[in-house]
Amino acid sequence: MAGVNANGKFAFDQVEVTEPGVPYLFEATGYDPIKFYKTTAATVDEPGTSNGMVGTFVQMTLSPATDVNAYYFQGTHFYAVADRSKDLTVPANRCYVDLTEPHAAAAPRAGVRRITFGVNGTNGATGFENIEAPEGRVQKVLIDGKIYILRGEKMYDATGRLVK
């Protein structure tokens, strides 16, 4: 984890070499099995940390009442523990993020891939239904999670097909 960028997004940089006990986030990019190989590096007795990522070798519990600066990964989502209504179990050999002392993400090194993402939250009002474009202008709207293009009295889907 590189830290939190100026926009409040969590930033993760690509690494080429991993170390035992240090928590990492990895991205599966295909349907092939993920392969891990045994290393000759010395084993560690305690899990490590990395710019706010905290590893655990045993199952543990995070509580919304006490772990207000903790965030966890679930599938392809990232959540704040404080937003939950009940405790969260973190399985052994996993990690979570503790931002008790936030780390500002520096600019990525040249040639290093960086991914950023925000914390999932509850859906909020967007106000898209209140947007009005001048007559004859093209307007994009989001209706039931789908993007539509309005041009005059005609509505098109995102592929350009006439809807109505």
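The values are calculated or read from the model by the stated rules, or taken from the named source; none is laboratory data. What you are looking at is a predicted structure, and each value in this text was computed from that prediction instead of being measured. Heads up, the Cβs are rebuilt from the backbone with ideal geometry, glycines too, and the neighbour counts pull from every protein chain shown.
Scanning region 46-65 for residues that are under 12 Å from Tyr24 (Cα atoms), modelled with pLDDT of 90 or more and assigned to a loop (DSSP other than H, G, I, E, B) yields one hit, Pro47. Which residue, of Leu88, Leu142, is modelled with pLDDT of 85 or more and of a type in the set (A, V, I, L, M, F, W, C)? Leu88 is the lone residue from the list that is modelled with pLDDT of 85 or more and of a type in the set (A, V, I, L, M, F, W, C). Of all residues in region 75-96, at least one satisfies being closer than 20 Å to Thr49 by Cα, in a strand (DSSP E or B) and touching a Gly at 6+ places or on another chain (Cβ under 6 Å). Can you run down the residue pairs with Cβ atoms below 6 Å, 6 or more apart or on separate chains, where the first is in region 57-71 and under 12 Å from Val81 (Cβ atoms) and not assigned by TED's automatic domain parsing to the domain that holds Val44 and the partner is of a type outside the set (Val, Ile, Thr) and surrounded by 14 or more Cβ atoms within 10 Å (Cβ to Cβ)? Filtered contacts from region 57-71: no entries. Just to be sure before I move on: is Thr49 surrounded by 10 or more Cβ atoms within 10 Å (Cβ to Cβ), within 18 Å of Asp13 (Cβ to Cβ) and of a type outside the set (Asp, Glu) in the structure I sent? Answer is yes for this residue. Report yes if Val4 is in contact with a strand residue (DSSP E or B) (Cβ under 8 Å, 6 or more places away or on another chain) and either of a type in the set (A, V, I, L, M) or not assigned by TED's automatic domain parsing to the domain that holds Cys95 (or both), otherwise no. So Val4 fits the description; yes. Look at (1) modelled with pLDDT under 85; (2) in contact with a strand residue (DSSP E or B) (Cβ under 6 Å, 6 or more places away or on another chain); (3) not small (Gly, Ala, Ser) and you find that Glu135 fails only one, number (2). Just one of (1) more than 30 Å from Val15 (Cα to Cα); (2) modelled with pLDDT of 60 or more; (3) among the small types (Gly, Ala, Ser) fails for Ala125. It is (2).
For region 33-65, filtered to residues that are touching a Cys at 6+ places or on another chain (Cβ under 7 Å) and among the hydrophobic types (A, V, I, L, M, F, W, C), the residue that is farthest from Gly3 (Cα to Cα) is Val54.
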